[in-house]
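J.: Take this structure, written in structure tokens, and hold onto it; I'll ask about it next.
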Amino acid sequence: MSIKNDSSLHNEYIKKPEWLRIKLPDADHYSKVKGVLKDNHLHTICESGSCPNKGECWNAGTATFMILGDTCTRNCRFCNVKSGKPLEPDPDEPQSVADAVEKMKIKHCVLTSVDRDDLEDGGAGIWDETIKKIKKQSPLTTIEALIPDFKGDESQIHKIIDAGADVISHNLETVKRLTSQVRTFAKYEVSLKVIEYLASKGVRTKSGIMLGLGEKEEEIFETMDDLLAAGCQIITIGQYLQPTARHLKVQKYVSPEDFTRYGDIAREKGFLFAESAPLVRSSYHAEKHV
């Protein structure tokens, strides 16, 4: 991974505060989930993205499956998912995910994927098939689709709308000023247009941002306003945590009190739901957002 020498995003190491502790998963339940995933040759963003909440979510009956393989065609500087040249999509993956959802008795399934800029449809066909198979096999399971931007191609995004996910989310990840430094290829305006298109079709929409990358408070509020103007109903706000020494360094650990305040402000501004705390991630309490 090549990282530009940008002093605004590369400071000295900041010690992680005591209150930022990750809850360990229940060992028995964790082993069972791992076994099902291994048997079905599946990936989760919970593991690939080093999510701090996988124990809590798995124990609550929520899991986030990462489809279209484990290799992303983009190389975002905050993300722990590996990047490179992906393998061809597995045609059996939609059925494998549906089988796993049924075996794990998942109440709320969150689907996400790597970016597949190498594919003509960006992987939308696999998305469509996976959602439909889950709904057919586990009709009581609700589904959230956390989608990439598909380069803003509305025809591909519409396939996922037609498949019938209960919530469709797309993350801005950071404020406008920092987008080009934090994400690769993705553009702030394109992401907003994705959310706007989803909202225009009557979809319950959701987005998430990370704090601690050098954003200013007024930029956080501007981002909230931009999302609301695009029709976004749900926002998640969490602390950026540096996955490895190769990734962007944390500029600031935002206090729990400030996270609570940002959540309150988001709700006051008009968001239907606002999850805001240091360890909040896109799928955190996702079952409440249906």
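What follows is calculated from the coordinates using simple rules that are stated; it is not laboratory data. The model shown is predicted, which means the values in this text are computed figures rather than measured ones. Note that each Cβ is placed from the backbone with ideal geometry, even for glycine, and that neighbours are counted across all protein chains shown.
J.: Place the peptides 159-172, 78-91 in order of packing, highest mean first, counting for every residue the other Cβ atoms within 10 Å and averaging per peptide.
T.: The densest-packed peptide leads the list: 159-172, 78-91.
J.: Now for a separate question. Report the extension gain between SER255 and LYS136 in nm, rounded to one decimal, defined as 0.36 nm multiplied by the number of residues separating them, less their alpha carbon distance.
T.: 38.5 nm
J.: Moving on to the next point. Taking neighbour counts of Cβ atoms within 10 Å as a proxy for exposure, in what order, fewest first, do CYS109, CYS232 appear?
T.: Least crowded to most crowded, the residues run CYS232, CYS109.
J.: Could you give log10 I(q)/I(0) at q = 0.09, 0.10, 0.21, 0.22 Å⁻¹ for segment 168-290, computed by the Debye formula over C-alpha point scatterers of equal weight, without solvent?
T.: -0.22, -0.27, -1.26, -1.38
J.: With the crude spin-label approximation of a point 7 Å out along Cα→Cβ, what separation in nm comes out for GLU268 versus ASP121?
T.: With each label placed 7 Å out from Cα toward Cβ, I get 4.6 nm.
J.: Ok, one more. Report the gain in length on full extension from ASP90 to ASP153: 0.36 nm times residue separation, minus Cα-Cα distance, nm rounded to one decimal.
T.: 20.4 nm
J.: Same structure again: If we count other beta carbons within 10 Å of each Cβ, what is the order of PHE150, PHE273, fewest first?
T.: PHE273, PHE150
J.: Among ARG77, ARG183, rank each residue by its count of other Cβ atoms within 10 Å, from fewest to most, as a rough exposure measure.
T.: ARG77, ARG183
J.: Which GluC sites (Glu not before Pro) in segment 66-136 pass both tests, a DSSP loop state and at most 11 other beta-carbon atoms within 10 Å?
T.: GLU120
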